[in-house]
Structures are given as C-alpha cells and as structure tokens.
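Worksheet: the structure to be examined is printed underneath.
Any read-out appearing in this document is the output of simple, stated calculations on the displayed coordinates, not a laboratory observation. Please read these numbers as outputs of a predicted model, since none were measured by experiment. Backbone-built Cβ (ideal geometry, glycine too); neighbour counts: all protein chains shown.
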Amino acid sequence: METINLELFVNGTMADAAPVNENFNKLKSAVLENRAEIENLDSEVNLKLEQLAETINETINTVVEAWTSGKSWYRKWSDGWIEQGGVVLGTSTAASVVTVNLNHAMADTNYTVATSSEVSPDTVLGNTQAAQYLWQVATMGGSVAAKTVNSFKMSNYYAQHWYVCGKGV
C-alpha cells in the first residue's frame, strides 16, 4: 500500500486526496469481495465465545438460592448441591431423640450429616455430675439414624448443631 503524506491531504487540494480515495476504494472492494468469509469468521468467533461462556458456567459453581431463619439456613448451588444446617435444642438432664426436619429436601438419603455438641458453661459449672454429663454429650450427642429425604433422627442433650450436604431436589 502506498504511503500518503497526510499534511498534503489536510493542507492541500482534492487532487492530493486522490491516493486516499483510491486506497479507500481498494479496501472497500476487498471487504465486499470477502464479506461471506468475514461473516463466517464472525459466526465462528461468536460460537467459540458462547462455548467458552458455557464451559465457564459449568465449571464455576455459584450459589443460586440462599435462605436463613434464626439459626436455620441452606445454600443451593448451581450444580444442584445443597448445604444446610441448624441447631436443635434439647434438655441438659437426659438424652432425647429428636427429629430434625431438613430446611430443603434432598434428592435421596445418600447425604452427609455432621453434628457438634454445644454445652453451656452455666449448665456444667458447679454441677457435681459435670464429668458424667460431658461424657454423655461427647459419646451420645449427635448420633444420627433414620434418614429420609426430608428429615433424620438425632440423639440430643443440650444443643446440637447439625450440617447436611448432598444432592438436592
């Protein structure tokens, strides 16, 4: 392509603009001649960008729904995974079996339940049976049984925190 002295074009006459017009016309003709190929390349690039966006969306999980009420909560992820939890209050004197109703239904009973006991210092301090009580909480609190897609049963003494994760519905 020919180099054009822009100073002549700006300060000169229309005759000086002839090379610019000629080059513009050549470029215009080349674009028009290759329009189909350019449009095809544009379509291919757009398709690749859509595929890339889809791949990114599939590999990066995001929270699509979240809920909290008091000490109960759940998080639903874009791949269908659900995390949820809460606290079940019991008595400080005797073990009880409680039914924990899940905050969100699970797809099946193949989910994980984790529990941890919370013991109030006020309950234990000054209690002559504190050692026995702590042993009972540590060994029996949080035992899980009878899982369904909507609930599970758990042994409980004072306060039991629970966490469930797995595939949701």
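You can think of it this way: the chain between Ala105 and Asn21 has 23.2 nm of extra reach, that is 0.36 nm per residue less the Cα-Cα gap.
With the highest mean first, a sort of the peptides 109-115, 80-86, 43-49 on other beta-carbon atoms found within 10 angstrom per residue produces 80-86, 109-115, 43-49.
Charges were assigned to the Cβ only: +1 to each Lys and Arg, -1 to each Asp and Glu. The resulting dipole of segment 45-110 about its Cα centre is roughly 320 debye.
Taken one residue at a time, the phi angles of segment 102-109 give Karplus couplings (6.51, -1.76, 1.60, θ = phi - 60°) of 5, 6, 8, 5, 9, 5, 7, 8 Hz. Gly and Pro are set to x.
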